[in-house]
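Each remark here refers to the structure printed beneath this line.
What follows is calculated from the coordinates using simple rules that are stated; it is not laboratory data. Quantities reported herein were computed from a predicted structural model and do not represent experimental measurements. Every residue, glycine as well, gets a Cβ built from its backbone with ideal geometry; the counts of neighbours run over all protein chains shown.
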């Protein structure tokens, strides 16, 4: 596959970089939810319910309202222009004016809690498991929409996979609408096909498409790269990497960075991952690889490996391997990538809660907010205005059905509207395809989602509040000692026990006990 300039301009931000968020997609009509009607609605006469439903869907009878939606993304110069196009369309649908408020990523973590706490003029708020979703629910910031959903967002209820709603529940109730995207996750590596051919590794790597390798299985590949090209790092790494977690794919039980995990698909016993034999074995291998020169010597201080990845200075690039991730990332890097997975598809609460939109409890128009989110998740016009802007101004249709391109003279860099946040704007199955994009994408995603195995605690939300002091103390210890251990720079036989001891002194055992306590209580309600 030759990467075109058009494809490069449409590329998403690297999904191979391990990050807070997951992107991607999918609706599974064979696995629908059955969110019940409210008791009040169910007990009403059929004629009264029909009247209310008609009111909810008749714009002429709905008074005009304004809705404020806050999301994390780079502010866009043409947001007002896009709002105008969106609201012109919405007038005949739900008679609502929506204001899109993009908050830059650098400010998001600080700003959204302030907005919620102040009861500001917010109707819809982007949220996620990694963005204090459970904490926000506990503080009463988000409205319980369990009983409102069937009435004001019936298509969303019908089409979203059941596992998404189940994973997004808190104490059995629904407080946000998950984005229909990739549900499962897999970890793995991408590599330049050009370099693979140059090093004569094509056949060796090809077998990993069907045979999941261990970290030890990669050694012949790494050795061959090292022997042939000293200017390329065989195994990409940065200070924050955790190849042990990548290969073992533990269930995170909340924030991935908080110690205390479950073995994947095994039981519900919380373990200290740093003390497991599997974790120790991988750290030992990493130290072996570091001494062999397979990992860059300054890995402990590298915060961003993107420049080296784009410059083909890294051979194996670690990250998530959803369908076609290699094509998207390869396009953004400017060269062809192939990928292979080192784990099987797994669905955790972090996956189902990776991107959601909640109706804020203080909203004066929760019903209309849900009606709008219904369109975000079911109306292609609304969905694609949010993603791509105004037709003719920001994008144009091509001769191929459902495939678009930037308007003449525009790219992702100079367009007045290209938030590049597809995974935030509801049902990704509604997205137009872009020039150079594989139009089999959503079929592949559906198959991928259906192959995922749910976590044994899917829907569990860890409340970190009781041990927040211990979590902060453990994080300080980890930030100090972990980079040198994770990158293989130091011998884990000597330094891992020191890390564990200091973590325990900081409260690690208390964190694990609290996780187990909450899981046991949650399981008792099932």
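General remarks:
- Separation of alpha-carbon centers, region 63-78 and region 391-448, rounded to whole Å: 20 Å
- Over the chain, DSSP H runs of length four or greater, each weighted -39,500 (n - 2.57), average out per residue to a 222 nm ellipticity of -11500 deg cm²/dmol.
- Region 260-380 shape via C-alpha gyration tensor axes, a/c threshold 1.5: oblate
- Each Cα pair under 8 Å and six or more residues apart adds its separation to the average, and for region 270-356 the resulting relative contact order is 13 percent.
- Projection of the Cα convex hull of region 179-308, averaged over all directions and equal to a quarter of that hull's surface, yields 9.9 nm².
- The order of the peptides 390-403, 75-88 by mean Cβ neighbours within 10 Å, most packed first, is 75-88, 390-403.
- The chain: relative contact order in percent, alpha carbon pairs under 8 Å with at least 6 residues between: 27 percent
- The equivalent ellipsoid that matches the C-alpha gyration tensor of region 313-380 spans semi-axes of 37, 16, 11 angstrom, in descending order.
- Viscosity 1.567 mPa s, 4 °C: Kirkwood-radius Stokes-Einstein D of region 240-310 over Cα pairs, µm²/s: 94 µm²/s
- Ordering of 183-196, 269-282 by packing [mean C-beta count within 10 Å, highest first]: 183-196, 269-282
- The P(r) of the chain has a tail past 31 Å containing 49 percent of all C-alpha pairs.
- Shape category assigned to region 466-526 from the gyration tensor of Cα positions, a/c cut at 1.5: prolate
- Two-decimal Rg to Rh for region 366-487 - Kirkwood Rh, Cα set: 1.13
- Cα gyration tensor, region 82-172 - rounded (a/c under 1.5), prolate or oblate: oblate
- Among 320, 344, 214, the order by Cβ neighbours within 10 angstrom, fewest to most, reads 214, 344, 320.
- Cα convex hull of region 435-487, projected area averaged across orientations, nm²: 8.0 nm²
- Order of 432, 99 - criterion: other Cβ atoms within 10 Å of each residue's Cβ, fewest first: 99, 432
- Rounded to 5, the percent of DSSP beta bridges in the chain classed as antiparallel: 60 percent
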